[in-house]
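The values are calculated or read from the model by the stated rules, or taken from the named source; none is laboratory data. Nothing here was measured: the structure is a model prediction, and the numbers come from that model. Neighbour counts run over all protein chains shown; Cβ positions are idealised from the backbone, glycine included. Heavy atoms of the whole protein, side chains included, go into the accessibility calculation; ligands, DNA and RNA do not. Shrake-Rupley method; radii C 1.70, N 1.55, O 1.52, S 1.80 Å.
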Amino acid sequence: MDADDHPHISYYYQPESQAEVFPGDLKYASWDPDTSAWQIEVADDGGATGDVGRFSSLQMDSAGNPHIAYLDNSNRHLKHAWRDSAGWHSEIVDTYGKPGDTLSLTLDADGNPHISYHDRENLILRYAWKDASGWNTETVDSGYYVGLYSSIHLGSD
């Protein structure tokens, strides 16, 4: 929900005609109260053969801009996309192992993203956060299938 209590949704979209073939896109939907309709945008199409957008997690920043963490399945990257007045942008967060199978995103008080996620190759729980120096990553816990379906929340400090 945004500051005006309107819903926003991020999701993986794969056309029915391509369901057995891949690729899929990361899509973003927002409710427009002026038109009483959903506004749907492609946040990342992954290029001609890219399969992006699986396991997305969405947060709105204090300016009302969406931030989405998701799996780039074609390249096995954890990615972060966001929209601002210039449009959609995306960046690679982590490429270690096979990150991003299941993930959770939150933003800190400065609007910086923090992501908890499972690395399917190494079966570990990972944590990524962005600060003034860029993206940082670390392993939180390891073991057999550690980190599936994690959820992240930050305190005020």
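The combined condition, being loosely packed, with under 13 Cβ neighbours inside 10 Å and hydrophobic (A, V, I, L, M, F, W, C), is fulfilled by residue 48. Where the second residue is at pLDDT 95 or above and of a type outside the set (D, E, K, R) and the first is part of a loop (DSSP other than H, G, I, E, B) and lies in region 123-136, which pairs have Cβ atoms under 9 Å and are six or more apart or on separate chains? Final answer for the pair search is 132/112. Contact annotation: residue pairs with Cβ atoms under 6 Å, 6 or more positions apart or on different chains, pairing a residue in region 25-46 that is among the aliphatic types (A, V, I, L, M) with a partner that is open to solvent by 50 Å² or more (accessible area, probe 1.4 Å), are 29/9; 29/38; 29/40; 43/88.
Number of residues in region 22-31 that are out of contact with any Asp or Glu (no Cβ under 6 Å at 6 or more places or on another chain) and open to solvent by 40 Å² or more (accessible area, probe 1.4 Å): the value is 1. One residue alone among 118, 80, 89 is assigned to a strand (DSSP E or B), exposed (fewer than 14 other Cβ atoms within 10 Å of the Cβ) and not polar (S, T, N, Q), and that residue is 89.
Looking across region 92-102, just one residue is surrounded by fewer than 17 Cβ atoms within 10 Å (Cβ to Cβ) and in a strand (DSSP E or B), and that is 92. Within region 1-21, the residues that satisfy the criterion of being in a strand (DSSP E or B) and either more than 29 Å from residue 108 (Cβ to Cβ) or open to solvent by 70 Å² or more (accessible area, probe 1.4 Å) (or both) are 9, 13.
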